[in-house]
Amino acid sequence: MVAPLRIALAGLGTVGAGVIRVLETNGALIARRAGRPIEIVAVSARDRSRDRGVDLSAYAWEDDMSRLAARADVDVVVELVGGADGPALALARGALAAGKGLVTANKAMIAHHGLELAQAAEDAGVALRFEAAVAGGIPVIMGLREGAAANALSRLYGILNGTCNYILTTMEHTGRDFAEVLSEAQALGYAEADPTFDIDGIDAAHKLAILAAIGFGAQIDFGAVETEGIGRLKAADFAQAAELGYVIRLIGLADCDEDADGARRLFQRVQPYLVPRGHPLAAVDGATNAVVIEGNFAGRLLFQGAGAGAGPTASAVVADLIAIARGQAGTPFSVPAAELEPVPPAGAGHRRNRAYLRFTVTDRPGVLAEISAAMRDAGVSIESLIQQGRPEEGGEVLIAMVTHEGPESAVSAALALLEGSPSLTEPPLVMRLLG
Ligand SMILES: NC(=O)c1ccc[n+]([C@@H]2O[C@H](COP(=O)([O-])OP(=O)(O)OC[C@H]3O[C@@H](n4cnc5c(N)ncnc54)[C@H](OP(=O)(O)O)[C@@H]3O)[C@@H](O)[C@H]2O)c1
């Protein structure tokens, strides 16, 4: 009989309790596939008395979760607490320093400290895996690291936050405004009481930074992700997009090109995009996630599924444990941590796009001419122009336009010319069209 893989669980919330359920329900099948049983030895959370819907009586309880890392009867610590720093990071460092493997679902911690933790894991000769940190139950890290390992990638992009996708697709289907749909999403449990991390795009940026590092062999650079959330979108934007044949999705996108001197540059952006109705990502509805990887031999690969929730996320955590039990953990990223390159960020200015621009303006003569003049002077060519609504004299009007393909720097220059204009009642909104 092969010795079991002995694990300790830190955090018994949505994902932690989910992991216990997966191991209880599918234990025999998992043991066969892993080549040995995966056995929970010890657990920790804040409140020992809380009913978590799972039986904890067979496991040792540690009030202080850092003690899990010190236990001689534990091979792998599973961190399911959350938070970029604080107790989760202390536990992760402690586990690796003690020669334990580490599995985590913590995208914030990996986006901020992934390189350090990967180096520590490699130095200690132990596993570090974080499949559940990106897109919940979707095996996108395995797909990228193993399945697509033979490919040079041109780009990767996707819908990385289920809360935002739920809000955007509900706005699209119902024609309602952002604030109303957000409150409903909170009431239904699709959005947190404090939804900032999700709706400001930070959660998606954490995941994108991790994927970009794996996909392009670059050191994680979360700070370089150009990040914009969904909070400024109006019902009218969805109506305009629909008229043009598009839907709106929050897209995380990364690519890696060489600059004029032959040096690699990494571009990372999270932003609402207009996605053509025929594109696979346009069909991704509700809280679903999807990631597209474009490889030079595999072509376009699409990974789609539940990006969160107890079952899907726990499934990804246990998949990591199975890989460790099989002795197939590999390096945390696609190459050893010391070989991840420090790739400087690419400026957006030279990038060529078609863009949707929306202006909220006071309804008075000459406003449209002022905007058109700024576009012309900056060299932005307008493909189509829509003026929305004819409110009472002196009210607000929305002007939306789509540009021909051109450099992003030209759009920025046009907006700079309009900055401070008394005609604009709020800063213009820019969304790129996903090409
Ligand atoms: N939920 C998802 O769908 C999902 C999807 C992908 C990734 N993730 C990631 O998975 C991780 C866990 O998320 P979750 O949704 O399961 O969170 P959660 O439901 O809030 O659970 C967090 C757990 O950590 C425990 N905890 C917090 N601080 C602690 C401390 N100082 N010492 C000991 N235990 C502590 C809590 O204890 P008490 O229960 O006693 O309060 C709770 O059991 C996060 O990194 C999250 O980003 C979650």
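The values are calculated or read from the model by the stated rules, or taken from the named source; none is laboratory data. Please read all numbers here as calculations on a predicted model, not as lab measurements. Cβ: placed from backbone, ideal geometry, glycine included. Neighbour counts: every protein chain shown. Only protein heavy atoms, including side chains, enter the accessible area calculation; ligands, DNA and RNA are left aside. Shrake-Rupley method; radii C 1.70, N 1.55, O 1.52, S 1.80 Å.
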Using C-alpha positions alone, give me the convex hull volume of segment 136-239 per residue in cubic angstrom. 121
Over the chain, with neighbouring protein chains present, the accessible area per residue in Å² at probe 1.4 Å is 41
With all protein chains present, how much of the accessible area of the chain (probe radius 1.4 Å) comes from carbon and sulfur, to the nearest whole percent? 51
What FRET efficiency do you get for S49 and E426 if R0 is 51 Å and r is their Cβ-Cβ distance, rounded to the nearest 0.05? 0.55
Per DSSP helix of 4 or more residues, -39500 (n - 2.57); summed, then divided by the residues of the chain. What does that give at 222 nm, rounded to the nearest 500? -10000 deg cm²/dmol
Report the residue, chosen from V317, V397, V284, that carries the largest GNM mean-square fluctuation when the chain is represented by alpha-carbon nodes joined by springs under 10 Å. V397
Between segment 1-32 and segment 155-190, what is the separation of their alpha carbon centroids in Å? 32
Excluding P280 itself, calculate the net charge of residues whose Cβ lies under 15 Å from the Cβ of P280, where each Lys or Arg counts +1 and each Asp or Glu counts -1. +2
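For segment 281-435, what is the per residue volume of the convex hull drawn over the alpha-carbon atoms, in cubic angstrom?
Normalising the Cα hull of segment 281-435 by residue number yields 197 Å³.
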Can you list the chymotrypsin sites (Phe, Trp or Tyr not before Pro) in segment 286-364 that are in a DSSP coil and have 16 or fewer other beta carbons within 10 angstrom? F297
The chain: most fluctuating residue of P37, P422, P280 per GNM, C-alpha cutoff 10 Å: P422
In Å³ per residue, the alpha-carbon convex hull of segment 60-154 encloses 116
At q = 0.13, 0.18, 0.22 Å⁻¹, what log₁₀ I(q)/I(0) does segment 246-314 have when each alpha carbon counts as one equal point scatterer in the Debye sum? -0.51, -0.87, -1.09
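Average the reciprocal distances over every distinct pair of alpha-carbons in segment 8-84, invert the result, and give the Kirkwood radius in Å.
Working: mean 1/r = 0.0772 Å⁻¹.
The Cα-based Kirkwood calculation yields 13.0 Å.
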Segment 140-306: C-alpha gyration tensor shape, a/c 1.5 cut-off, then a/b vs b/c: prolate
Please find the FRET efficiency linking R232 to R32, where r is the Cβ-Cβ separation and R0 is fixed at 45 Å, and quote it to the nearest 0.05. 0.30
Within the chain, which complete DSSP H helices have Cα atoms spanning at least 15 Å along the helix axis and a mean Kyte-Doolittle hydropathy of -1.0 or higher? 14-25, 86-97, 107-124, 162-174, 202-216, 310-325, 367-378, 408-418
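Where Lys and Arg each count +1 and Asp and Glu each count -1, what net charge lies around G330 among other residues with Cβ under 13 Å from its Cβ?
Taking every other residue near G330 into account, the sum is -1.
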Over the chain, how many percent of alpha carbon pairs lie in each 20 Å bin up to the one with the longest distance? 25, 51, 21, 3, 0
Using a 1.4 Å probe, how large is the accessible area of I382, given in Å² and rounded to the nearest 10? 60
Global size of segment 5-133 as Cα Rg and Dmax, reported in angstrom: 13.8, 39
Using θ = phi - 60° and the Karplus form 6.51 cos²θ - 1.76 cosθ + 1.60, what ³J(HN,Hα) does each residue of segment 41-47 get, whole Hz, x for Gly and Pro? 9, 9, 9, 7, 8, 6, 10
Cα convex hull of segment 352-433: mean projected area in nm², to one decimal? 4.7
